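A short reminder: the numbers here are calculations on the coordinates, not readings from a lab. Just so it is clear, the model here is predicted, and its values are computed rather than measured. Counting neighbours? That spans all protein chains shown, and the Cβs are built from the backbone with ideal geometry, glycine included.
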Amino acid sequence: MFKEIADVFDLLQREGFITSWALGRGVATIFHSEPFYTEDVDVFVELTGESALVNMRPIYDRLSQMGIVAQGQYVIIAGSSVQIIIPPDALEAEAMREAVEMETGSGIARFFRPEHLACIYLRLGRPKDKTRLVLLLKDKKFSHDRFLDISKRFDLEQKWLEYQKLSS
């Protein structure tokens, strides 16, 4: 499944519809921690061109030409519900720019780094986000220094202190 998704977004990038892409949130967390249920695959994209008006129509038209069907807010790729997201804020935009390539077993895909994911979950603060944050913090490759740097730059230090207080 990840190979097929990566192939689609690599093609959109090569054809100039997007300048970059990366897998984020739930699916990215699974690649940095352990399996859990997530209902969709979040693919973050950076559109080509500089316009205040976002026009996703060319992307959806191209996906349709490729035989990829839209269902509500998702497109279906290799049987998976894929949500295409333009980063809504600076934290997720940075996470997308600094995404890392990882082997998926069937190919290479770009994933948000665990430290960015942890900051996103810390900011959101929903119960499922706190659970995912715990999984990321336990990962041996998780860089606490990088996490603290990101949390400082995005004004999440107070949330981190509150989280630590509640977790102890």
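Rounded to the nearest 500 deg cm²/dmol, what is the calculated helix-only ellipticity per residue at 222 nm for the chain, with -39500 (n - 2.57) per DSSP H run of length n ≥ 4?
Values: 8 runs with 82 residues, N = 168.
It comes out at -14500 deg cm²/dmol, rounded to the nearest 500.
Would you mind checking segment 106-124 for residues with the amide N under 20 Å from a putative spin-label position 7 Å along Cα→C-beta of M66? So the set is 106-112.
Helix 127-138: angle to the longest alpha-carbon principal axis of the chain, degrees 0 to 90, nearest 10? Approximately 70 degrees, to the nearest 10. Counting only alpha carbon atoms, the long axis of helix 114-124 and the longest principal axis of the chain meet at about 80°.
Given the pairs K3/K138; K3/K152; K3/K130; K130/K165; K3/K128, which span a C-alpha to C-alpha distance of over 25 angstrom in this model?
K3/K138; K3/K152; K3/K130; K3/K128
Between the helical axis of 144-153 and the longest alpha-carbon principal axis of the chain there is an angle of about 80 degrees.
For the chain, a crude dipole built from +1 on the beta carbon of Lys and Arg and -1 on the beta carbon of Asp and Glu, taken about the Cα centre, is about 480 debye to the nearest 20. Note on segment 6-42 and segment 88-131: Cα centroid distance 10 Å, given to the nearest whole angstrom. Simple rule: put +1 on each Lys or Arg Cβ and -1 on each Asp or Glu Cβ in segment 22-162, find the dipole, and look at A109, Y60, C119; the Cα lying farthest toward the positive end is C119.
Pairs of Cα atoms nearer than 8 Å and 6+ residues apart set the relative contact order; for the chain it is 24 percent. When H32, H144 are arranged by Cβ crowding within 10 Å, least crowded first, meaning fewest neighbours, the order is H144, H32. Here each label is just a point 7 Å from Cα along the line to Cβ, and for R123 and Q13 those points are 2.2 nm apart.
Note down the magnitude of the dipole of segment 91-155 about its Cα centre, charges +1 on Lys and Arg C-beta and -1 on Asp and Glu C-beta and zero elsewhere, to the nearest 20 debye.
With only Lys, Arg, Asp and Glu charged at Cβ, the dipole is about 280 debye.
Taking amide H positions as modeled 1.01 Å from N, with prolines and chain starts lacking one, the residues under 5 Å from T104 and 5 or more places away or on another chain are A109. What translational D, rounded to a whole number of µm²/s, comes out for segment 113-168 from Stokes-Einstein when the hydrodynamic radius is the Kirkwood one over Cα pairs, at 4 °C and 1.567 mPa s? Translational D for this selection: 118 µm²/s.
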